[in-house]
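The block underneath contains the structure these notes are about, expressed in structure tokens.
Any read-out appearing in this document is the output of simple, stated calculations on the displayed coordinates, not a laboratory observation. Since this is a predicted model, take the numbers as computed values, not measurements. Here the Cβ positions follow ideal geometry from the backbone for every residue, glycine too, while neighbour counts run over all protein chains shown.
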Amino acid sequence: MIVEETKLQGCFIIKPQVFKDKRGYFLESYNQKALNTALGVDIDFVQDNESQSSKGVLRGLHYQLGDYAQSKLVRVIKGKVLDVVVDLRVNSSTFGEHVAVELSEHNKTQFFVPRGFAHGFLVLEDNTIFSYKCDNFYNKESEAGIIYNDEQLAIDWKFSEEDLIISEKDLCLPSFKNARL
């Protein structure tokens, strides 16, 4: 696997080795020992989540607080997304900065997001299946978020606002300056 750290310390783009032949392809999507060695961390994923969405669906920006903060390893099984993370670590030199990565069934790229980041994604193709591993269990009381179009964050979602499909819950998220950190 090829591992590249982004400008946000601790966030890594992971490109697995893909073996292709006339039958199709094979890849190792997760190997705890190899990932921990490559990232220099000790991650123990405890929950897998999967969503299916239509083109234009925007989910996020979400995160868990305190003892329920989560690291995530995300990937697309089918389709394509623009995956975005925002650094919420107050003492970080990149606090408030974000990174966007295109994940697709074709590039097989994965994205490792450590604890302390908000996460969201925009679906770029119909019937996209998005999968992610979490190193902590979901806790409703600890969930938090930031509105996707926050002016301070200035995320370029590369999509017109009128074409976005966003849940009522996500439309009510606070701004970055008013977010619970």
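Below are the figures for this structure:
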item	result
Residue, nearest to Phe45 (Cα to Cα), within the range 137-181, restricted to residues that are of a type in the set (Ser, Thr, Tyr) and surrounded by fewer than 18 Cβ atoms within 10 Å (Cβ to Cβ)	Tyr138
Test result for Ser92, of a type in the set (Gly, Ala, Ser) and free of Cβ contacts under 8 Å to residues at least 40 places away in the same chain	no
Candidate set: the range 23-40, residues that are closer than 16 Å to Lys133 by Cα and without any contact (Cβ under 8 Å) to a residue 12 or more places away in the chain; chosen: the one surrounded by the fewest Cβ atoms within 10 Å (Cβ to Cβ)	Lys33
Scope the range 116-132; condition surrounded by 19 or more Cβ atoms within 10 Å (Cβ to Cβ), assigned to a loop (DSSP other than H, G, I, E, B) and not small (Gly, Ala, Ser); matching residues	Leu124
Identity of the residue in the range 1-22, part of a strand (DSSP E or B), out of contact with any Lys or Arg (no Cβ under 9 Å at 6 or more places or on another chain) and touching a residue at least 40 places away in the same chain (Cβ under 8 Å), that ends up nearest to Lys108 (Cα to Cα)	Ile13
Top-ranked residue in the range 1-22 [being of a type outside the set (A, V, I, L, M, F, W, C) and either over 25 Å from Asn91 (Cα atoms) or more than 16 Å from the chain's Cα centre (by Cα) (or both); ranked as surrounded by the fewest Cβ atoms within 10 Å (Cβ to Cβ)]	Lys22
Selection count, the range 135-174, where residues are hydroxyl-bearing (Ser, Thr, Tyr) and either at positive phi or touching a helix residue (DSSP H, G or I) at 6+ places or on another chain (Cβ under 9 Å) (or both)	3
